[in-house]
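Beneath this line is the structure, given in structure tokens, with notes to follow.
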Amino acid sequence: MTEQPRFIPEEIIRRLRAAGVRFVVIGGLAAQAHGSPSLTGDLDIVPSWDRENLERVAAVLSDTAAIRHGVTRDAPPLPPLDARTLLAGAVFTLSTRFGRFDLLAAPDPGLNFDTLVANARVGEINGVRVEIASLDDLIAMKRAAGRPKDRVELEILGALREEIDRSSPARGRRGAPG
């Protein structure tokens with residue numbers, strides 16, 4: 001059994017930021033940034049899915065020794081994780097020397113980088129400033145995914161939304177920072 005690398009998401013985020021990658025953090029780390037107590041073991045992002053940005057993503061993937069998660073050594077060779085390969089796909093689940101890292105072109109329900117960044121807020125993840133998906137977009141993604149773990153997180157995010165709505169009616173409107 002292979003040992004999983006220690007999860008250090010801020011190292012991946014720092015490299016993305018240093019390379020000039022445009023992206024929004026989604027998933028468990030984004031939920032934590034909004035106040036969720038849930039734990040996560042991976043970094044999920046939606047980068048801008050244009051060739052120039054994906055070339056920068058590919059450079060970071062190389063720098064972090066990214067490989068497709070779950071691929072065994074005896075598997076047939078896969079295309080390199082370059083901009084062309086990224087453009088041809090929509091979801092990449094990767095293992096890096098800093099832990100699990102997922103890239104999504106357009107998470108459900110039809111959200112993409114442009115939509116997410118328009119609603120995002122700037123926050124910090126382990127001391128690194130980053131664009132974080134809005135609470136309402138996270139709720140929509142969890143609702144659409146519908147997996148048991150997403151339904152549990154949906155309850156937590158819904159409670160956070162209710163708390164925000166009670167404490168500041170103007171901030172509780174859909175699309176408002178939250």
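Any read-out appearing in this document is the output of simple, stated calculations on the displayed coordinates, not a laboratory observation. Note that the structure is a prediction, hence the values are computed from the model and not measured. Because the Cβ atoms are built from the backbone with ideal geometry, glycine has one as well, and the counts that use them run over all protein chains shown.
Report note on the peptides 39-45, 49-55: ranked by the mean count of other C-beta atoms within 10 Å, highest first, their order is 39-45, 49-55. Under the criterion of Cα pairs below 8 Å and six or more residues apart, the relative contact order for the chain equals 24 percent. Protection proxy ranking, highest mean first, for peptides 78-84, 56-62: 56-62, 78-84, where packing is the per-residue count of other beta-carbon atoms within 10 Å, averaged. Taking every Cα-Cα distance in the chain and sorting them into 10 Å bins starting at zero, the pair-distance distribution P(r) comes out as 10, 38, 35, 14, 3, 0 percent.
Averaged over residues, the count of other Cβ atoms within 10 Å places the peptides 95-105, 137-147 in the sequence 95-105, 137-147, highest first.
Magnitude of the Cβ-charge dipole of the chain, K/R +1 and D/E -1, about the Cα centre, nearest 20 debye?
100 debye
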